[in-house]
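Structure record follows, encoded as structure tokens.
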Amino acid sequence: RYWERQGLWRRVADNPPQFQFVGCRQTAMDDVPRKNRELHARLQSILGEEYVIQPRDFSMIADWQEVFGLPAEVVILLVEHEVRRTHEKKRSLNAIFKRMDKIAHDWAENGVVTVEKAKERIARDSAGYALARRVARQFSLHRDPTVDEAALADRWANEMKLTEEDVLAACAETVRARNPSFAYLDSILRRHAGGA
């Protein structure tokens, strides 16, 4: 793994592990400026042992920062989000940098260059965002759901394993409230969790 990170060997097969000799050129961490070493180390820890960052990936990360204008904190959020989605979909991490490059390009084009905007975008990309929009419409709220509301809806869908029909049916119980809210709906759903 060490020599793979240094760019000297490249993994070509997993079962059984097979490697291809790349060459003896000086690459990887020695060529990386000190300010980026911490970022690359952090990204490698997010990716884990499942994927070793390659020299071409270092170039891509540099493009995200220098060409697209994404700060290191936004790059970290992007990688964490895509690793989480990849694991949820039970996909391999082999093509993750291709997917992340498209996402970085999209974020840059749409002005997602701050931590706050990145968190909003990640919330919109979550499965709960669509559910949160349906609930907001059910409550006659003429706005997009907030990041916290999308996170609640994501919890309902992923942790509590509720369907959209379950959540919308629970909305009927909010009629007793003068101003129905996501928090009130959450308390109703938690009360009925485990029941019919």
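Quick notes on this one:
- Put simply, the convex hull of the Cα atoms in the chain casts, on average, a shadow of 14.0 nm².
- Paired Rg and Dmax values of region 142-189, which use every Cα atom, in angstrom: 10.5, 29
- Lysines whose Cα lies under 24 Å from that of Lys102, excluding same-chain neighbours fewer than 8 positions away: Lys89, Lys90, Lys117, Lys119
- For region 91-133, radius of gyration divided by Kirkwood radius, i.e. Rg to Rh on alpha-carbons: 1.04
- Checking every one of the trypsin sites (Lys or Arg not before Pro) in region 97-196 against DSSP loop status and a limit of 12 other Cβ atoms within 10 Å picks out Arg143, Lys161, Arg178.
- Gyration tensor verdict on region 107-174 (Cα atoms; rounded if a/c is under 1.5, prolate if a/b is larger than b/c, oblate otherwise): prolate
- Size descriptors for region 57-141 (Cα atoms only): Rg and Dmax, in that order, 14.4, 47 Å.
- Between amide H atoms placed 1.01 Å from N, distances below 5 Å from Trp9 occur with Glu4, Val22, all of them 5 or more places distant or on a separate chain.
Here, each number is a calculation from the coordinates, and none is a lab measurement. These numbers come from a predicted model, not from an experiment. All Cβ positions, glycine included, derive from the backbone under ideal geometry; neighbour counts span all protein chains shown.
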